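Novice: Submitted below is the structure of interest, expressed as structure tokens.
The values are calculated or read from the model by the stated rules, or taken from the named source; none is laboratory data. Quantities reported herein were computed from a predicted structural model and do not represent experimental measurements. With ideal geometry, Cβ positions are generated from the backbone for all residues, glycine too; neighbour counts draw on all protein chains shown.
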Ligand code: SAH
């Protein structure tokens, strides 16, 4: 089997190039073709000799990430993309346009095995991990399609990135490399349901990326009801791992909390949440739950969500309610892929 050349970090590519008997500077050229000019075929690398392009094509390939569908919001310019991978699997990515630039939300796995109760992406379980090449590929395709630079990246699409840790780390290395797209570490946010050992490993990497922790419940009992992963990693351990991340990197943690009517949005929930967050230097992002048809979770009313927010704010916590982007093309995260998979199997 051929090796996917887009999955190598710059350092690794130098070694690969030397291993096939080529000069080191070729790695710089090839990396630029792959990660700056964003080509999908060796034939497009026009400053390499034809024989070198053919030689590369014998050992390596560039796995395709191909757009199948694009939905554009009429309300705020949000776009959803459905991409097909080399083996026929599909993943979705979302482009959000802000004043400060283009932000892309990518998937890190096909499906997910974490089983969070309110999440559409996990309903069919995990199919497979995405490679680093398939993760950068989503961003590169979007950048090519819109003809504008992507400046911010969030890993909050389908999948649990820290359940695909090595590929995730490789993805960050490739994306932030000065020889490639050179996206600033500070413009990358990774969201995790709380895989403690890998949160600790990430803290040790001492990167400047933002860590977002999906909290969703302020006690171990509550969290267990919504997130099966809490059976494996206790809330206290998860919070300690957040503290370790902050200590190592100086980066403030973002806590995500999906507000579910009657489940985690009561006065008591707010009090418990304050207890956890008050001592920490953090940001809280409230997400009124996106109802999915397989579950009967409901959003709280706007008034009650604001009430919840105000309570936290009054105790000095930095809190926002996530702005709903692309409401007209929505369906909760993961819906586009699920709809596609269902239609295809009918
Ligand atoms: N696996 C990562 C990324 C998940 S998606 C994680 O668990 O953090 C990003 C955020 O959206 C997570 O906080 C996730 O819990 C939340 N989310 C998933 N489905 C949702 C829904 N239906 N409504 C609101 N938030 C949801």
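Novice: Only one of these is within 14 Å of the ligand (Cβ to nearest atom), in contact with a helix residue (DSSP H, G or I) (Cβ under 9 Å, 6 or more places away or on another chain), in contact (Cβ under 8 Å) with a residue 24 or more places away in the chain and within 30 Å of residue 247 (Cβ to Cβ): 129, 206, 152. Name it.
Specialist: 129
Novice: Across segment 304-344, what is the number of residues that are surrounded by 13 or more Cβ atoms within 10 Å (Cβ to Cβ), modelled with pLDDT under 80 and outside any helix (DSSP H, G or I)?
Specialist: Residues in segment 304-344 being surrounded by 13 or more Cβ atoms within 10 Å (Cβ to Cβ), modelled with pLDDT under 80 and outside any helix (DSSP H, G or I): 8 in total.
Novice: Looking for something away from the ligand (no atom under 16 Å from the Cβ) and either in a strand (DSSP E or B) or loosely packed, with under 14 Cβ neighbours inside 10 Å (or both) - is there at least one such residue anywhere in segment 103-117?
Specialist: Within segment 103-117 (the criterion being away from the ligand (no atom under 16 Å from the Cβ) and either in a strand (DSSP E or B) or loosely packed, with under 14 Cβ neighbours inside 10 Å (or both)), the answer is no, since none of the residues qualifies.
Novice: Then there is this: Buried (at least 20 other Cβ atoms within 10 Å of the Cβ) and either within 19 Å of residue 315 (Cα to Cα) or within 21 Å of the chain's Cα centre (by Cα) (or both), is that true of residue 192?
Specialist: Criteria met by residue 192.
Novice: Enumerate the pairs (first residue in segment 239-251 and within 17 Å of residue 276 (Cα to Cα); second residue anywhere and in a helix (DSSP H, G or I)) with beta-carbon separation below 6 Å, excluding pairs fewer than 6 apart on the same chain, so at least 6 apart or on different chains.
Specialist: Listed pairs, sorted by first residue: 241/196; 241/199; 241/200; 244/200; 244/203; 245/203.
Novice: Right, here's the next one. Residues in segment 123-145: is at least one at pLDDT below 95 and part of a loop (DSSP other than H, G, I, E, B)?
Specialist: Within segment 123-145 (the criterion being at pLDDT below 95 and part of a loop (DSSP other than H, G, I, E, B)), the answer is yes, since at least one residue qualifies.
Novice: Follow-up question, since we're still on this one. Taking the options 240, 224, name whichever one is more than 23 Å from residue 321 (Cβ to Cβ) and in contact with a helix residue (DSSP H, G or I) (Cβ under 6 Å, 6 or more places away or on another chain).
Specialist: Answer to the selection: 224.
Novice: Another question, then. Identify, from the list 174, 276, 183, the residue that is more than 12 Å from the ligand (Cβ to nearest atom), crowded, with 17+ Cβ neighbours inside 10 Å and either at pLDDT below 95 or outside any helix (DSSP H, G or I) (or both).
Specialist: 183
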